[in-house]
1. Rounded to two decimals, what ratio of Rg to Rh does the chain give with C-alpha atoms and a Kirkwood Rh?
2. Apply 1/(1 + (r/R0)^6) to the Cβ-Cβ distance of residue 146 and residue 123, taking R0 = 30 Å, and write down the FRET efficiency to the nearest 0.05.
3. Go through the stretch 299-307 residue by residue and turn each phi into a ³J(HN,Hα) via Karplus (6.51, -1.76, 1.60, θ = phi - 60°); whole Hz please, and just put x for glycine and proline.
4. Using all Cα-Cα distances in the stretch 134-285, what percent lands in each 5 angstrom bin from 0 up to the longest?
5. Taking only protein heavy atoms and a 1.4 Å probe, what accessible area per residue, in Å², does the stretch 159-310 have with all protein chains in place?
6. Give a residue-ordered list of calculated ³J(HN,Hα) values for the stretch 275-281 (Karplus: 6.51 cos²θ - 1.76 cosθ + 1.60, θ = phi - 60°; whole Hz; x for Gly, Pro).
7. Rank these residues by their accessible area, most exposed first, probe 1.4 Å: 58, 184, 198, 102.
8. Which value in nm describes the separation of the simple spin-label points at residue 201 and residue 33, placed 7 Å from the Cα toward the beta carbon?
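The values are calculated or read from the model by the stated rules, or taken from the named source; none is laboratory data. Because the structure is predicted, anything quoted here is derived from the model rather than measured. Heads up, the Cβs are rebuilt from the backbone with ideal geometry, glycines too, and the neighbour counts pull from every protein chain shown. When the accessible area is computed, the model is the full protein with side chains, heavy atoms only, and any ligands, DNA or RNA have been set aside. Shrake-Rupley method; radii C 1.70, N 1.55, O 1.52, S 1.80 Å.
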Amino acid sequence: MESQVQPKLIIHGGAGSSLKGKGGVQVVRSSLYQVVDAVYGMLLDGCAARDAVVQGCRMLEDDPLFNAGTGSVLQSDGQIRMSASLMDGVASRFSGVINVSRVQNPIELAEFLQTSPDRVLSDLGAAELVRELRLALYDPLTDQRFQEWLADRSDNFNRKMADVVSESAGRGTIGVVALDSMGRLAAGTSTGGKGFERIGRVSDSATPAGNYANANAGVSCTGIGEDILDECLAAKIVVRVTDGLSLRESLARSFAEAQSRNRDLGAIALDATGAIGWGKTSEVILAAFHDGVSRGDSLEAGPEPQVFIV
Ligand code: GLY
């Protein structure tokens, strides 16, 4: 297929407290670049943005470094409940699952629901779908997450969110936004949640506040879900681009507003012109991208709130 548009890709592995030490940066960079290389290769081969996003999310879910799929954090009752969503920018169609358990790749459920009349399912419905699709039961728990949960339980779950990154491991939502060679945009987001939350708490990740795309822009968010919902961040950035602001202006305005309200969050974004961006109010966002010429990332950006456009 002849390429009409230079494909673009940005992914993230969460946002939150600082990367501790150089080892942490290298480990996270290597994981993120493996996904960027594989998924950007698919886009160069003519893969649709939506399929590339699903594959990128699948790879990030399968990496125990990140808080989604395998390696998800545990909730207050010691269970893992995951949420994921997919938005096809061409069709302007959102689908997702909320608080699903015992499945390897929640993003695949969101993908299946793209063509369903009922496009967002919560725990019981999502479990029924897993059974209907005859997906193998899967335990996403890792020993490290279990040990972290035990340690936090002894402190009565005093932290507002599980650590995002440590020396050898990272935690945080994952997300992928792609622009394909036909100019189509898509966004996907997947998470194990905040960690230590009460049963029934709903993440932003399977809502348009946390994941949104249309023909003009696509955004995936990370950080404290309640803060992202309060800002309606992903949809706000996409609507601002749709209404004529540049991606840079949309991110700058949206993150200035979030910062003024002391939100703890981050987002990655792409627009239909090929602009790539990320923003954060948290100390770090684990973002990596391919702009058609080279790869880049946000891992050594300073801890101050900032917006970056490639
Ligand atoms: N942003 C992920 C969560 O708060 O659940």
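1. On the way: Rg = 17.4 Å, Rh = 18.5 Å.
Using Cα coordinates only, the ratio equals 0.94.
2. Details: r = 21 Å, r/R0 = 0.71.
Efficiency, rounded to the nearest 0.05: 0.90.
3. Here the 3J(HN,Hα) series is 5, 10, 5, x, x, 6, x, 7, 10 Hz.
4. Going from the shortest bin to the longest, the percentages are 2, 10, 18, 20, 18, 13, 10, 6, 3, 1, 0.
5. Values: 4960 Å² over 152 residues.
Per residue, the stretch 159-310 has 33 Å² of solvent-accessible surface.
6. In residue order, the calculated couplings are 5, 10, x, 9, x, 7, 10 Hz.
7. Details: 58 60, 184 80, 198 185, 102 150 Å².
My answer, sorted largest first, is 198, 102, 184, 58.
8. 3.5
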